[in-house]
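Undergrad: Quick one: the structure is below, and I'll ask about it shortly.
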Amino acid sequence: MLALRSALGDVPENPTSATGRIYQRYIRRGFRRARHFISISGKTRDDLHRFGGISPVTSEIVYNGLNYPFAPLAFEDSERTLRNVGLTAPPAGLPARLKSRSVAIFPPSKLVSLR
């Protein structure tokens, strides 16, 4: 939806060329002709409704599936994982939430690792 919003001038820091705007116009025309939509998130669905100019009969959310054997991480492993991705100083209260194993990266998931 970023390309569509950019073409509409909603994201000035991401300018769209003239041909990009024409292409997005074709896409919006296709949106207006369709009546049934599937989005991967509530934000995508909301943006589609707002910027796509649509009147859907149905518009559902289907979240991407997780195909891997994910499992909760131990507290020490969680800290190490967060440091490895560049979080050197955890946000206030994060260690307590990690210890209680209630950190939600994607609700209602917990901080998980591929095993």
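Undergrad: Give the long-range amide H neighbours of SER39: residues separated by 5 or more places, or on another chain, with amide H under 5 Å away, using H modelled in the peptide plane at 1.01 Å from N.
TA: GLU60, ILE61, VAL62
Undergrad: Sticking with this structure for a sec: Return LEU82, LEU66 ranked ascending by Cβ neighbour count within 10 Å, so the fewest neighbours appear first.
TA: With the fewest neighbours first, LEU82, LEU66 line up as LEU66, LEU82.
Undergrad: Give the span of region 2-61's Cα atoms along each principal axis, as three whole-Å numbers ordered largest to smallest.
TA: Here the Cα extents, ordered largest to smallest, are 32, 21, 14 Å.
Undergrad: Quick one: net charge of ALA7's neighbours, Cβ under 12 Å, K/R +1, D/E -1?
TA: +3
Undergrad: Now for a separate question. What is the distance, in nm, between label points placed 7 Å from the Cα along the Cα-to-Cβ direction at ASN14 and at ARG50?
TA: Once both label points are built, they end up 1.3 nm from each other.
Undergrad: Tell me the label-point distance for the pair TYR63, ARG32, using the 7 Å Cα-to-Cβ offset, in nm and rounded to one decimal.
TA: If labels sit at TYR63 and ARG32, their model points lie 3.5 nm apart.
Undergrad: Using the Cα centre as the reference, give the magnitude of the dipole from point charges on the C-beta atoms of region 2-61 (Lys, Arg: +1; Asp, Glu: -1; all else neutral), rounded to the nearest 20 debye.
TA: With Lys and Arg at +1 and Asp and Glu at -1, about 320 debye.
Every read-out reported here was derived from the displayed coordinates using simple, explicitly stated rules and does not represent laboratory data. No experiment lies behind these values; they were computed from the predicted model shown. Cβ: placed from backbone, ideal geometry, glycine included. Neighbour counts: every protein chain shown.
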